[in-house]
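Report on the structure given below.
The values are calculated or read from the model by the stated rules, or taken from the named source; none is laboratory data. Source: prediction; values computed, not measured. Virtual Cβ from ideal backbone geometry, glycine too; neighbours counted across all protein chains shown.
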Amino acid sequence: MRASATGDGVPGRVGPFLRRRPVVVDAALAAATLCVSLALGSQQPPAGMRPFDLAGYALTTLACLTLTARRRFPVTVLVAYCLTWSVYVAAGYWPVVNSAGALLALYTVAAHRTVRAVVAAVVILDAVWLYAGLRGGQDAGLTLLTQILVWPAVICWLGSRTRRLAELTAQLRREQAERERRAVNDERIRIARELHDVVAHHMAVVSVQAGLAWYALDADRETARTALAAVLETGGQAQEEMRRLLALLREAPPDGAGAVGAEATSAGLARLPELVDRVRGAGLAVELSVIGTERPLPRGVDVCAYRVAQEALTNVLKHTRQARTTVTVRYEPDQLVVQVRDTGPAPAASRGAGGHGLRGMSERAALYGGTLEVGPDPGGGFGVLLTLPIRYAGTQSA
């Protein structure tokens, strides 16, 4: 069976287990340190040193046992280890036997505690080390001084690097969590815009058809029946789209950095003829023309173009239903242009310029690097002009 590996080189299932139970790692390191110390103690000690006997075994074992709590109580463990080591040295044993554990305890303090605690730990360790050197009869003062200064400095530097790395890792995890949270919020806002577009458009059609049915209820029952059928169909379509979008809101995917909400809906320029037919059914004279060669678009661009056209036609329905309207989709080499123009006389202030619809269209366009121009047409009427870059079209096709 193949075992996956984690970032620390530990097999996939073992790594998380050890990270959740640091005491297991500490116990293993303490056992390894004890083995090294006992191996040194079993060697022939220098002249004048006490042979490694039962008391030496006991003191060495006791010192190494303190290392099992090194991450929970770093300073306490270092003090306890140094005290035990001092007793060991005072008993006349070879001091080198327990030096490795002392360095491990110092490393733990440097990796988990403040600079003040590290300085205090270095002072304690150097005092014991100096005592051990003098007690062991080490006559090379320069060598002893070098050991006291160099080894603790190296160990503290390694520990501080480890602490800094842990801090950076924690910071990166916080930033990643924040990015994920923002992605979810952005996706919810995106879906809320989709809901606005769906509700606004379909309700505009329903309002027009319901008004027509009411007007023709007594004079022309067939027209009223047709209008009510359109109301039922439009309401069903709105309900279906809202159901999909609300399902996305409930799921709230944490990896929604892209336009997940947009991709999950069926909106797109492929449905533009259906949209135009529905608006025509509401009594608006609309002509649709497509210029250039149709080609796959990035999904977000496709949805953006459709929603802008939908919002523009919805505004025409709301404000000037008697106007003739043209919808033009033009595929250019490096951009997509969508233009909705009508012959209505209404000024920009009465076309929803202060509402959420036009602002939402502008935000959609900006999201994909495009521009949106909205306002009275110089030749009369009102126009909406959307331009979206599609330099990477086809690479993210639906």
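Identify, from the list L59, L54, the residue that is surrounded by fewer than 19 Cβ atoms within 10 Å (Cβ to Cβ) and not basic (K, R).
The unique qualifying residue is L54.
Taking the criterion of being hydroxyl-bearing (S, T, Y) and under 15 Å from T162 (Cβ atoms), the residues of segment 97-126 that qualify are Y107, T108, T114.
Restricting attention to segment 60-75, does a residue exist that is over 48 Å from the mean Cα position of the chain (by Cα) and on the phi > 0 side of the Ramachandran plot? Looking for residues that are over 48 Å from the mean Cα position of the chain (by Cα) and on the phi > 0 side of the Ramachandran plot, one finds none in segment 60-75, hence no.
Candidates are the residues of segment 312-326 that are modelled with pLDDT of 85 or more and within 39 Å of the chain's Cα centre (by Cα); the one that is surrounded by the most Cβ atoms within 10 Å (Cβ to Cβ) is A312. Residue count for segment 357-383 satisfying the condition of being among the polar types (S, T, N, Q) and in contact with a Ser or Thr (Cβ under 8 Å, 6 or more places away or on another chain): 1.
Flag set for V340, criterion: over 29 Å from the mean Cα position of the chain (by Cα) and either of a type in the set (A, V, I, L, M, F, W, C) or at pLDDT 90 or above (or both). Kindly indicate the residue of segment 280-297 that is surrounded by 20 or more Cβ atoms within 10 Å (Cβ to Cβ) and at pLDDT 85 or above and also farthest from Y331 (Cα to Cα) among those meeting that condition. Ranking the candidates gives V286 first. For the structure I just gave you, tell me whether P74 is over 19 Å from A28 (Cα atoms) and either in contact with a Leu (Cβ under 6 Å, 6 or more places away or on another chain) or of a type outside the set (A, V, I, L, M, F, W, C) (or both). No: the conditions fail for P74. Residues that are touching a Pro at 6+ places or on another chain (Cβ under 7 Å) and part of a helix (DSSP H, G or I) within segment 71-125 comprise V89, L106, T108, V109, H112, V122, L125, listed in sequence order. A single entry from Y81, Y107, Y88 fulfils the requirement of being buried (at least 20 other Cβ atoms within 10 Å of the Cβ) and over 45 Å from the mean Cα position of the chain (by Cα): Y88.
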